[in-house]
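Visitor: Below is the structure I would like to discuss, written out as structure tokens.
Read-outs: derived from the displayed coordinates by stated rules, not from any lab. From a predicted model like this one, the values you see are computed outputs, not experimental measurements. FYI the Cβ positions are ideal-geometry reconstructions off the backbone, even for glycines, and counts take in every protein chain you see.
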Amino acid sequence: MTTLRSLLLFAVAAVAEIGGAWLVWQGVREHRGIVWVGAGVIALGLYGFVATLQPDAHFGRILAAYGGIFVAGSLAWGIVVDKFRPDRWDITGAIICLFGVAVMMYAPRG
């Protein structure tokens, strides 16, 4: 159950951070306005809060592992939201990152 909770928290954090960054991008680069930027800032703050709910108490490990989730999640966001078409190297890199997440977060420790 702890692993499932951790994975769900990583997914929520990814939506908050990637979505927040996307909202800021839309507000500034696509000239959608301050409301979009404000919503992005709120979502980015939510990401920071969600990370604190991880069962592991080590900030460095959580943030490092989340980096791998961010890489894969960003590609997924790009595919779904921006119709981005990753190439095989993008996908290979994301798989390597997710493998790293699994090793850091879920390998047995003594």
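Visitor: Work out the FRET efficiency for Glu30 and Ile91 from their Cβ-Cβ distance, taking R0 = 35 Å, and round it to the nearest 0.05. Working shown, then result.
Guide: Values: r = 27 Å, r/R0 = 0.76.
So the FRET efficiency works out to roughly 0.85.
Visitor: Please get the size of the charge dipole for segment 2-106, origin at its Cα centre, with Cβ charges of +1 on Lys and Arg and -1 on Asp and Glu, quoted in debye to the nearest 20. Show your work: numbers first, answer last.
Guide: Numbers: 7 positive and 6 negative charges, 15 e Å.
That gives segment 2-106 a dipole magnitude of about 80 debye.
Visitor: Another question, if that's okay. In whole Å, how far is the Cα centre of segment 16-40 from that of segment 64-110?
Guide: Taking the Cα centre of each part, segment 16-40 and segment 64-110 sit 23 Å apart.
Visitor: Something else now. Order by neighbour count: Asp90, Asp82, fewest other Cβ atoms within 10 Å first, most last.
Guide: Working: Asp90 17, Asp82 10.
With the fewest neighbours first, Asp90, Asp82 line up as Asp82, Asp90.
Visitor: Suppose a student asked you for the relative contact order of segment 2-106, using Cα pairs under 8 Å spaced at least 6 residues apart; what percent would you report?
Guide: Numbers: 105 pairs, mean separation 28.5, N = 105.
Taking the mean separation of contacting Cα pairs over the length of segment 2-106, I get 27 percent.
Visitor: Using a Gaussian network for the chain with springs between C-alpha atoms less than 10 Å apart, which of these wobbles most: Gly93, Gly40, Gly60?
Guide: Gly60
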